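Take a look at the structure below.
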Amino acid sequence: MPGALAYDLIVVGGGPGGYSAAIRASQLGLRTALVEAAELGGVCLNWGCIPTKALLHCAELVHDIRQASRFGIEARLESIDLAAVVKHSRATADKLSRGVAYLMKKNDVALIAGRAALADKGVVEVRGPDGDTRRYRSPHIILATGASLRSLPGLDASDEKVWSAREAMIASSIPETLVIIGAGAIGVEFASFYADLGSMVTLVEALDRILPTEDPEISERMARTLTARGIQCLADTRFEAADTSGDQVRLTLSHGEQQSEISCERVLVAVGVTANTTGMNLESLGVAMDLGFIGTDDYGRTSVAGLYAIGDVAGAPWLAHKATHEGVACVEKLAGLDPKPASQRLIPGCIYARPQIASIGLTEDAARRCGLSYKVGRFDLQANGKALASGHEDGLVKVVLDSATGELLGAHMIGHGVSEQIQGYAIAMGAELTEHEFDEVVFPHPTQSEAMHEALLDADKRAINQ
């Protein structure tokens, strides 16, 4: 195309999946461009995964100070400077975003600032910050545009009393009362954060339990823990209407045939995401969609030759590490290599509330629905020496194993720091280890990871410490 710059690959979207795909493409010798309309690093780095974890770390420090006397240490929490907490969160995100820019330069990836649309097959049209439009062409285009938080009809997102996750991350004051609609990972993390800072928090979930995608035993345990912390958990409860005309938000909720009202200073909406595909011209190219997200095969290939989609825009699970793995596999495949695609079964998920949750593979219910012959092992952290010594004994490790082969089908953990342990099970499942091979692994003592081994042993009633 006359006047259009040509690349071997154009990646649209600079989140974890997009920038990782661009780096891998450059490593493989492809002349690569990355188009980004906002901050490098995407929502995850700038407004999701990273800044929320910085906030949650601050909340954990607040909790530790309040609990210090339990360990013979007298400490007093003078105050919480929310502005400083938010500043730390934003500084962490900004530093990492600048790091991504450095990686682009280091790997010779051309950065194109602006909003992209598909002008034609193999042609990307980018409207820059100055309003000028320029076209670029490539035989391979990867869409990594991510997803956006859903709004909720009946709640005016422009009202300062109505928060999305973004507003909750940069609040100027701690609300006395906070209602969170949606008790998935985002809702539970913010409930944990604001409860530690002193808010009276209510979680509202339309399904029959909070964290409905987790193993029921784990989500029920989290509900008990949150309730003990003073967080009200209203499951099987739907949002019906809101009145934001006064100083407080008045919410109408329904539970079966019964309706009730609740008032709060702020309401946070955390009810899922929608794919960022508006204005990209997918319909005219005939790109097949799947439940509102771009349909792909195991390597990110769409229904249009030369066009690929990875990460959140291609559907669940909406996780940064899933996007990164998909991006690298997609690039390696189109470059002629033979990578192993991301298996949904082997993608761990983590929730960074207090306590944390980490899981991988099949839940017990899923194994039952699949008609599998399975057995379950459990180990409570109350019997783990390291957990007791550090005051983090609230937790459970649960494993689901194939009864005949001993294959690890799934693992589900709740407790302090379990997000840093789940990769042990992820590696084992990827390598297709069985419980018998785990027997030969020596777990260091004293560590919380010993509970992972004990849970496996418990599946055969061989646990030593419970």
Output the residue which, of all residues in region 214-233 that are among the aliphatic types (A, V, I, L, M) and in a helix (DSSP H, G or I), is farthest from Ala366 (Cα to Cα).
Ala228
In this structure, is Val271 touching a residue at least 60 places away in the same chain (Cβ under 8 Å), open to solvent by 50 Å² or more (accessible area, probe 1.4 Å) and hydrophobic (A, V, I, L, M, F, W, C)?
yes
Open to solvent by 60 Å² or more (accessible area, probe 1.4 Å) and within 22 Å of Gly48 (Cβ to Cβ), is that true of Ile210?
no
Residues that are touching a residue at least 60 places away in the same chain (Cβ under 8 Å) and surrounded by fewer than 18 Cβ atoms within 10 Å (Cβ to Cβ), drawn from region 390-418:
Gly391, Gly417
Region 239-257, residues that are open to solvent by 40 Å² or more (accessible area, probe 1.4 Å), over 27 Å from Arg369 (Cβ atoms) and part of a loop (DSSP other than H, G, I, E, B)
Ser245, Asp247, Gln248, Glu257
So Ile294, is it in contact with a Cys (Cβ under 6 Å, 6 or more places away or on another chain), among the aliphatic types (A, V, I, L, M) and over 19 Å from Leu211 (Cβ atoms):
no
Among all residue pairs at least 6 apart or on different chains, which show Cβ distances below 7 Å where the first residue, located in region 61-79, is open to solvent by less than 60 Å² (accessible area, probe 1.4 Å) and the second is assigned to a helix (DSSP H, G or I)?
Val62/Asp196; Val62/Leu197; His63/Asp196; Ala75/Ile65; Ala75/Ala68; Leu77/Val62; Leu77/Ile65; Leu77/Arg66
Can you find, within region 184-205, the residue that is least open to solvent (accessible area, probe 1.4 Å) among those that are in a loop (DSSP other than H, G, I, E, B) and in contact (Cβ under 8 Å) with a residue 40 or more places away in the chain?
Gly184
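The rows are residues; the columns are (1) of a type in the set (Ser, Thr, Tyr); (2) closer than 15 Å to Ala195 by Cα.
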{"residue": "Thr32", "(1), (2)": "yes, no"}
{"residue": "Glu39", "(1), (2)": "no, no"}
{"residue": "Cys44", "(1), (2)": "no, no"}
{"residue": "Ala54", "(1), (2)": "no, no"}
{"residue": "Val62", "(1), (2)": "no, yes"}
{"residue": "Glu78", "(1), (2)": "no, no"}
{"residue": "Gly99", "(1), (2)": "no, no"}
Among the residues of region 337-350, are any over 30 Å from Gly72 (Cβ atoms), of a type in the set (Lys, Arg) and buried (at least 20 other Cβ atoms within 10 Å of the Cβ)?
no
In region 258-334, which strands (runs of 3 or more DSSP E) lie fully inside it and hold 3 or more residues that are under 25 Å from Cys49 (Cα atoms) and among the aliphatic types (A, V, I, L, M)?
266-269
Unique match (being β-branched (Val, Ile, Thr) and under 30 Å from Ala426 (Cβ atoms)) among Thr252, Thr302:
Thr302
For region 105-134, give me each residue that is surrounded by 15 or more Cβ atoms within 10 Å (Cβ to Cβ), touching a Gly at 6+ places or on another chain (Cβ under 8 Å) and outside any strand (DSSP E or B).
Gly114, Gly122
Boolean, Ala93 is in a helix (DSSP H, G or I), touching a residue at least 40 places away in the same chain (Cβ under 8 Å) and among the small types (Gly, Ala, Ser):
yes
From Val100, Val124, residue being within 24 Å of Trp47 (Cβ to Cβ) and not charged (D, E, K, R):
Val100
Test of understanding: among Asp208, Asp236, which residue is within 23 Å of Leu396 (Cβ to Cβ), charged (D, E, K, R) and assigned to a loop (DSSP other than H, G, I, E, B)?
Asp208
Given Ser284, Ser303, Ser359, which one is surrounded by fewer than 18 Cβ atoms within 10 Å (Cβ to Cβ) and at pLDDT 95 or above?
Ser303
Could you look through region 153-170, keep only residues that are surrounded by fewer than 18 Cβ atoms within 10 Å (Cβ to Cβ) and not charged (D, E, K, R), and pick out the one that is nearest to Thr52 (Cα to Cα)?
Ile170
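The values are calculated or read from the model by the stated rules, or taken from the named source; none is laboratory data. Since we're looking at a predicted model, the values are computed, not measured. Ideal geometry is used to build each Cβ from the backbone, glycine not excepted, and the neighbour counts take in all protein chains shown. Heads up: the accessible areas ignore ligands, DNA and RNA and are worked out on the full protein's heavy atoms, side chains in. Shrake-Rupley method; radii C 1.70, N 1.55, O 1.52, S 1.80 Å.
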